[in-house]
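Student: Have a look at this one before I ask anything.
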Amino acid sequence: MRSDPSPAELAAIQAAAPNWLVMWCWYRREYAALAKFGAEPTIIYDRDPRQLLRHCQEVELAAAHGGPVIPRTFSGPKSAQTPYGRSPP
């Protein structure tokens, strides 16, 4: 099981994604990033911080180039992929 990130690790991830609110979800055991831009909510989940940052960049590039920023959840392989990251009942 992955241990919780240190405050310094979380601060480094947040600094790398200034257009996102990044937090550690202790109950999901993964990171969550919430976009600070766009009319629709965009939430990205991933256990790997590098993958999380890559997905954040992909969404930002799509938004910057006029592409649709679809409310979508990206998630690691073990997480359920449903709208807004909720697990199915």
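Student: What ³J(HN,Hα) values, in whole Hz, does the Karplus curve 6.51 cos²θ - 1.76 cosθ + 1.60 give for segment 46-58 when θ = phi - 60°, with x put for Gly and Pro?
Tutor: Per-residue couplings from phi come out as 6, 7, 9, x, 5, 5, 4, 5, 5, 5, 4, 5, 4 Hz.
Student: I need the phi-derived Karplus couplings for segment 36-44: 6.51 cos²θ - 1.76 cosθ + 1.60, θ = phi - 60°, integer Hz, Gly and Pro marked x.
Tutor: For segment 36-44, the Karplus curve yields 9, 9, x, 7, 9, x, 10, 10, 10 Hz.
Student: Cut-off is 10 Å between beta-carbons; in what order do 44, 13 appear when sorted fewest neighbours first?
Tutor: 13, 44
Student: Name the long-range amide H neighbours of residue 47: under 5 Å, sequence gap of 5 or more, or other chain; modelled H, no Pro or chain starts.
Tutor: Those qualifying (amide H under 5 Å, at least 5 residues apart or on another chain) are 31, 76.
Rule-based calculations on the coordinates, nothing more; no lab input. Treat the numbers as computed from the prediction; the structure is a model and nothing was measured. Virtual Cβ from ideal backbone geometry, glycine too; neighbours counted across all protein chains shown.
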